[in-house]
Amino acid sequence: MTQRLQGNILTPDGWVRGTIAFDQHILRIDGEVGDPTSNHDDFILPGFIDLHVHGGGGRDFMQAGDAAQTIARLHARHGTTSLLATTMTAPDSDIDRALQAIAAACAQRPTGAARLLGVHLEGPFINPSKLGAQPDHTRVATQQALMRWAALAPIRLVTIAPEVEGHLAIVKALSEAGVKVQIGHSLGSYEDGVAALDQGASGFTHLFNAMTGLHHRAPGMVGAALAHARHAELIPDLLHVHPGAIKVALRAIPGLFCVTDSTAAAGMPDGAYRLGRQTVHKCLGGVRLADGTLAGSALTMDQALRNLVGLGLDLAEASMRVSTHAADYLGERHRGRLATACLADLVVLDRDLRLKRVFVEGEALACSGD
């Protein structure tokens, strides 16, 4: 059944004030090019795409079982129409169980939920001296381990510390196989970062966090990203990264995209939650280990959009940073944009950028504004 919405529609060619018609896919967009600030109509944007999600709604992907459905529904209520299920550094048996459950949710999107595009394997191939909030179950990457896990679930993205011996060869093998590789949880130098990019690494995991920082005589991994990266992910909760550093990254990295790095605490009240095998605490707007270390976030993508606009981005660019750039990075050409034949993943926001409606592949969902 064809559905229609009216408002200020953000297309790849700019704003159109008019009507968008869709079923599972976008059928047509009719209207006139116009400035959305010249009227009081709603904004219609591409659905948000989050490539780094650990949990939400009180559940964590590492819990396996039906956790994936709960998480995908929670984030869909906040406008995320597709996401990557993100694992934690853990014993192999824990990762096995998580991947098997994620694979089932990838194969069949639950009603009322975001589409799971696959897996972001964040660990265990990280530097044990740069764990951040990851538990200490690191290991050196091997082709055998990656092949075994790839047989369990569609692995689309792997975070890796390139300075670990043997990892540059793995970076090359993964990139040649079409898997995105991001540098993260790393004590590597600027030179290590450049070497990994030369071998096919394509991005950086939660830029600035859990990596060597920028110093003018030792540029570090952050320096490699700012000097050379086309893509990197960043957490815009205004806790993980100072607004000034966010603005630096926005100027330096053309395809910078935003992620939530959300935990089970997303969408939940203050309290204790699980992040892999660890307990984390949501309080004062953030999520931390008992020692105060930031441990993911409680961020949702609708708030990420509002934060970007609050930093001074216009709505069109903010939308690209929470949707289009991530889609392009992952090669999802029919997501992240409102154009004929693209999937009908879209959100409707009022003039205060509060969600009014969410559609995933044409399905109307309940949203956080309901």
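Where a number appears in this text, it was derived from the coordinates with a stated rule and is not lab data. Everything numeric here is computed off the predicted structure, so don't read it as measured data. Counting neighbours? That spans all protein chains shown, and the Cβs are built from the backbone with ideal geometry, glycine included.
Using the number of other C-beta atoms within 10 angstrom as an exposure proxy, rank HIS228, HIS240, HIS185, HIS215 with the fewest first. The partial results should precede the final answer.
Numbers: HIS228 14, HIS240 21, HIS185 28, HIS215 11.
Ascending number of Cβ neighbours within 10 Å: HIS215, HIS228, HIS240, HIS185.
State whether region 1-141 is rounded, prolate or oblate according to the following rule on the C-alpha gyration tensor (a ≥ b ≥ c being the square roots of its eigenvalues): a/c under 1.5 gives rounded; otherwise a/b larger than b/c gives prolate, and the remaining case gives oblate.
Working: a/c = 3.33, a/b = 2.24, b/c = 1.48.
It comes out prolate by the Cα gyration axes.
Which is farthest toward the positive dipole end of the chain among VAL119, ALA327, LEU152, measuring Cα position about the Cα centre, with Cβ charges +1 (Lys, Arg) and -1 (Asp, Glu)?
Value computed over the given set: LEU152.
Ranking LYS282, LYS356 by Cβ neighbours within 10 Å, fewest first, what do you get?
Working: LYS282 22, LYS356 16.
Fewest to most other Cβ atoms nearby, the residues stand as LYS356, LYS282.
In vacuum, with every alpha carbon of region 48-333 counted as one equal point scatterer, what does the Debye formula give for log10 I(q)/I(0) at q = 0.07, 0.15, 0.16 Å⁻¹? Two decimals, please.
So the normalised log intensities work out to -0.21, -1.10, -1.29.
Short version: ³J(HN,Hα) in whole Hz for each residue of region 259-276, in order, from phi by Karplus 6.51 cos²θ - 1.76 cosθ + 1.60 (θ = phi - 60°), x for Gly and Pro, what are they?
Here the 3J(HN,Hα) series is 10, 9, 6, 6, 10, 4, 6, 4, x, 10, x, 4, x, 9, 9, 9, 10, x Hz.
At a threshold of 8 angstrom on Cα-Cα distance, excluding pairs fewer than six apart, so keeping six or more, what relative contact order does region 181-230 reach in percent?
Working: 81 pairs, mean separation 22.0, N = 50.
Normalised by residue count, the contact order of region 181-230 is 44 percent.
Considering amide H positions built from the backbone, and no H for Pro or chain starts, which residues 5 or more places from GLY123, or on another chain, come under 5 Å of its amide H?
Hits under the 5 Å cutoff: THR159.
Would you please give the FRET efficiency between ASP13 and LYS247, computed as 1/(1 + (r/R0)^6) with r the Cβ-Cβ distance and R0 = 25 Å, to the nearest 0.05?
Values: r = 27 Å, r/R0 = 1.07.
Given R0 = 25 Å and the Cβ-Cβ separation, E is 0.40.
Considering Cα pairs under 8 angstrom that are at least six residues apart, work out the relative contact order of region 48-333 and quote it in whole percent.
Values: 680 pairs, mean separation 55.4, N = 286.
About 19 percent, as a whole number.
Taking springs between alpha-carbon atoms closer than 10 angstrom, which of ALA85, ALA232, ALA252 fluctuates most in the Gaussian network model of the chain?
Sorting by GNM fluctuation, first place goes to ALA252.
What is the order of ARG115, ARG251, ARG277, fewest Cβ neighbours within 10 Å to most? Display every interim value, and only then the final one.
On the way: ARG115 22, ARG251 10, ARG277 14.
Ordered from fewest to most neighbouring Cβ atoms within 10 Å, ARG115, ARG251, ARG277 come out as ARG251, ARG277, ARG115.
Report Rg(Cα)/(2.2 N^0.38 Å) for region 1-77, keeping two decimals.
Working: Rg = 17.0 Å, N = 77, 2.2 N^0.38 = 11.5 Å.
Compactness ratio reported: 1.48.
Which one of THR81, THR37, THR212 has the biggest mean-square fluctuation once the chain is modelled by GNM with Cα springs under 10 Å?
For the chain, modelled as a Gaussian network with Cα springs under 10 Å, the answer is THR37.
Any idea what the dipole of region 48-333 comes to, in debye rounded to 20, about its Cα centre with Lys/Arg Cβ at +1 and Asp/Glu Cβ at -1?
Numbers: 23 positive and 24 negative charges, 90 e Å.
In debye, rounded to 20, region 48-333 gives about 440.
What length, rounded to one decimal in nm, is gained on full extension from ASP96 through to ARG354, with 0.36 nm per residue of separation minus their alpha-carbon distance?
Details: separation 258, 0.36 × 258 = 92.88 nm, distance 3.81 nm.
So the extension gain works out to 89.1 nm.
Pull up all non-local amide H partners of ARG357: gap of 5 or more, or a different chain, and H-to-H distance under 5 Å with H placed in the peptide plane.
For ARG357, whose amide H was placed from the backbone, the distant partners under 5 Å are VAL348.
Counting only C-alpha contacts under 8 Å and six or more residues apart, can you give the relative contact order of region 41-174 as a whole percent?
Relative contact order comes out at 23 percent.
Using only helices, what value at 222 nm comes out for the chain when you add -39,500 (n - 2.57) per DSSP H run of length 4 or more and divide by the total residues, to the nearest 500 deg cm²/dmol?
Values: 10 runs with 94 residues, N = 370.
When only DSSP H runs of four or more count, the value is -7500 deg cm²/dmol.
Per residue of region 77-94, in order, report the coupling 6.51 cos²θ - 1.76 cosθ + 1.60 (Karplus, θ = phi - 60°) as ³J(HN,Hα) in whole Hz, putting x for Gly and Pro.
5, 9, x, 7, 9, 8, 7, 9, 6, 10, 8, 10, 4, 6, x, 3, 5, 5
Would you pull out the residues with amide H under 5 Å of ARG115's amide H, same chain only if 5 or more places away, H placed 1.01 Å from N?
It is SER82, LEU83, by chain and number.
What Rg and what Dmax come out for region 310-370 when only alpha-carbon atoms are used, in angstroms?
Just the Cα atoms of region 310-370 yield Rg and Dmax of 12.4, 33 Å.
Starting from the coordinates of the alpha-carbon atoms of region 90-175, obtain the Kirkwood hydrodynamic radius over all distinct pairs and give the value in Å to one decimal. Show your work: numbers first, answer last.
Details: mean 1/r = 0.0725 Å⁻¹.
With all distinct Cα pairs of region 90-175 included, I get 13.8 Å.
Straight-line reach only, C-alpha to C-alpha below 29 angstrom: list the lysines that LYS180 could link to, leaving out same-chain residues fewer than 8 apart.
Cross-link targets: LYS130, LYS172, LYS247.
Just ASN127, ASN39, ASN209 to compare: in a GNM of the chain, with alpha carbon springs under 10 Å, which one fluctuates most?
Its mean-square fluctuation being the largest, the pick is ASN39.
For region 48-333, give me the percentage of DSSP beta bridges that are antiparallel, rounded to the nearest 5 percent. Present the calculation step by step, with values, prior to reporting the outcome.
Working: 12 of 36 bridges.
Here the share of antiparallel DSSP bridges comes out near 35 percent.
Per residue of region 333-342, what does 6.51 cos²θ - 1.76 cosθ + 1.60 with θ = phi - 60° give for ³J(HN,Hα)? Whole Hz please, x for Gly and Pro, Karplus curve as stated.
With coefficients 6.51, -1.76 and 1.60, one gets 6, 9, 10, x, 7, 9, 8, 3, 6, 6 Hz.
Give the angle, between 0 and 90 degrees and rounded to the nearest 10, that separates the Cα long axis of helix 167-176 from the longest principal axis of the Cα atoms of the chain.
Approximately 30 degrees, to the nearest ten.
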